[in-house]
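What follows is a set of notes on a single structure, which appears directly below.
The values are calculated or read from the model by the stated rules, or taken from the named source; none is laboratory data. Just so you know, these numbers come straight off a predicted model, no measurement behind them. Note: ideal-geometry Cβ built from the backbone for every residue, glycine included; neighbour counts use all protein chains shown. Side chains included, ligands, DNA and RNA excluded: accessible areas come from the protein's heavy atoms. Shrake-Rupley method; radii C 1.70, N 1.55, O 1.52, S 1.80 Å.
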Amino acid sequence: MPLEKVVMQAEEFRLIKEHVAAFAGLVLEEGTQRGLATKLLPRLEELRLRNFTDYYCYLKFSPGRDAEWRRLVPLLTNNETYFFRESSQLSVLAQEVLPALKEAKLAAGERSIRILSAGCSSGEEVYTLAMLLLESGCFSWDWDVRITGLDIDERVLDAARQGVYTERSFWATEPHLVQRYLKRHGDKFVVRPMLRKWTGFTQGNLLDLASVAGERFDIIICRNVLIYFGDDNVKRVLDNFGALQPPGGYLFLGHSESLARTQASYLPLRFPGAIIYRKRG
Ligand SMILES: C[S@@+](CC[C@H](N)C(=O)[O-])C[C@H]1O[C@@H](n2cnc3c(N)ncnc32)[C@H](O)[C@@H]1O
């Protein structure tokens, strides 16, 4: 049968959907079956597979499955992001969290800060955090600061490492900050070395977080990612975060994401326009 005539059966959708949720946490909504089939047909063609059952088996069992996941993930994820997204939360970070963290660190005789942007997409969140830390004036040259961006999608990480953006990314950013932290080349904006100095990117999956295992993050920011996950996987990700944070560590979730639906070991702190969380204990 010509490939364009191959239809994804309900059972095939269910198998792929369950496998995607188990691998990456992402929930494929009912009603997306047709769209998914359209996106996957070129994969079937390239791999010379006859139907979606074959594709499911390829993804699950073939020696090429890791490489296939790398191709599939960008077809499934929403990578929408921009600089200074959800500014009310960022104000809490700048005005409340950073000064408190600095004080606590100094009291403990430490001068290091570790931040994880989990689900960082093309890097705008990571560079925004670097700008906020620099603007806060809390951390001078003798502080060891590291802001790590992590994402499952290698394609967006490549863009993050390049750090080249267009005007569209800055609609929520004050112009003087764009001028200070990015260098204009025609219609492109390139992050300046002072933002690169504290930042880095790594590929990883929130469901296991092996790529950052053993690290301790004072702040984890995971915004507009868990909305695409089911409850069980949200709980799993939060347990993973808990294992990467010291007691008192701060967690920022997206505006529409709350811990109310989980049994997490985080305490909510309410501020005007923003809720953030602190690890208990
Ligand atoms: C909508 S973007 C959010 C970007 C940024 N945090 C923000 O709020 O603007 C969601 C990102 O989460 C990533 N993502 C989805 N599932 C993931 C997983 N299991 N592990 C790591 N990253 C994941 C996607 O690749 C995508 O880049």
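Any residue in segment 155-172 that is under 23 Å from residue 273 (Cβ atoms) and in contact with a strand residue (DSSP E or B) (Cβ under 8 Å, 6 or more places away or on another chain)?
So in segment 155-172, the residues under 23 Å from residue 273 (Cβ atoms) come out as 169-172.
Then drop every residue that is not in contact with a strand residue (DSSP E or B) (Cβ under 8 Å, 6 or more places away or on another chain), which leaves 169-170.
Yes, segment 155-172 contains at least one residue that is under 23 Å from residue 273 (Cβ atoms) and in contact with a strand residue (DSSP E or B) (Cβ under 8 Å, 6 or more places away or on another chain).
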Handout entry: Qualifying helices (runs of 4 or more DSSP H) (wholly inside segment 160-262; at least 2 residues being open to solvent by 70 Å² or more (accessible area, probe 1.4 Å) and among the acidic types (Asp, Glu))
Key = 231-244
Exercise for the section: Look at segment 87-120 and say how many of its residues are crowded, with 18+ Cβ neighbours inside 10 Å, within 16 Å of the ligand (Cβ to nearest atom), in contact (Cβ under 8 Å) with a residue 60 or more places away in the chain and farther than 30 Å from residue 38 by Cα. Expected result: 6
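Go through segment 98-120 and report how many residues are in contact with a Leu (Cβ under 8 Å, 6 or more places away or on another chain) and in a helix (DSSP H, G or I).
So in segment 98-120, the residues in contact with a Leu (Cβ under 8 Å, 6 or more places away or on another chain) come out as 98, 113, 115-120.
Within this subset, residues satisfying the condition of being in a helix (DSSP H, G or I) are 98.
Residues that pass the stated criteria total 1.
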Completion exercise
By residue number, the members of segment 147-191 that are under 16 Å from the mean Cα position of the chain (by Cα) and more than 16 Å from the ligand (Cβ to nearest atom) are none
Completion exercise
residue 124 passes all but one of the listed conditions (1) touching a residue at least 60 places away in the same chain (Cβ under 8 Å); (2) closer than 20 Å to residue 255 by Cα; the exception is number (1)
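Out of all the residues in segment 256-281, which are modelled with pLDDT under 90 and within 16 Å of residue 245 (Cα to Cα)?
Within segment 256-281, the first condition is being modelled with pLDDT under 90, and the residues that meet it are 256-265, 273, 281.
264, 265, 281 - these are the residues of segment 256-281 that are modelled with pLDDT under 90 and within 16 Å of residue 245 (Cα to Cα).
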Exercise for the section: Would you please list the contacts, defined by Cβ atoms under 7 Å and residues six or more apart or on different chains, that run from a residue in segment 221-243 that is farther than 17 Å from residue 21 by Cα to a residue that is among the basic types (Lys, Arg) and more than 8 Å from the ligand (Cβ to nearest atom)? Expected result: 242/279
Practice task
Please specify each residue of segment 121-139 satisfying the condition of being open to solvent by 10 Å² or more (accessible area, probe 1.4 Å), away from the ligand (no atom under 16 Å from the Cβ) and either closer than 25 Å to residue 190 by Cβ or assigned to a helix (DSSP H, G or I) (or both).
Solution key: 134, 135, 136, 137, 139
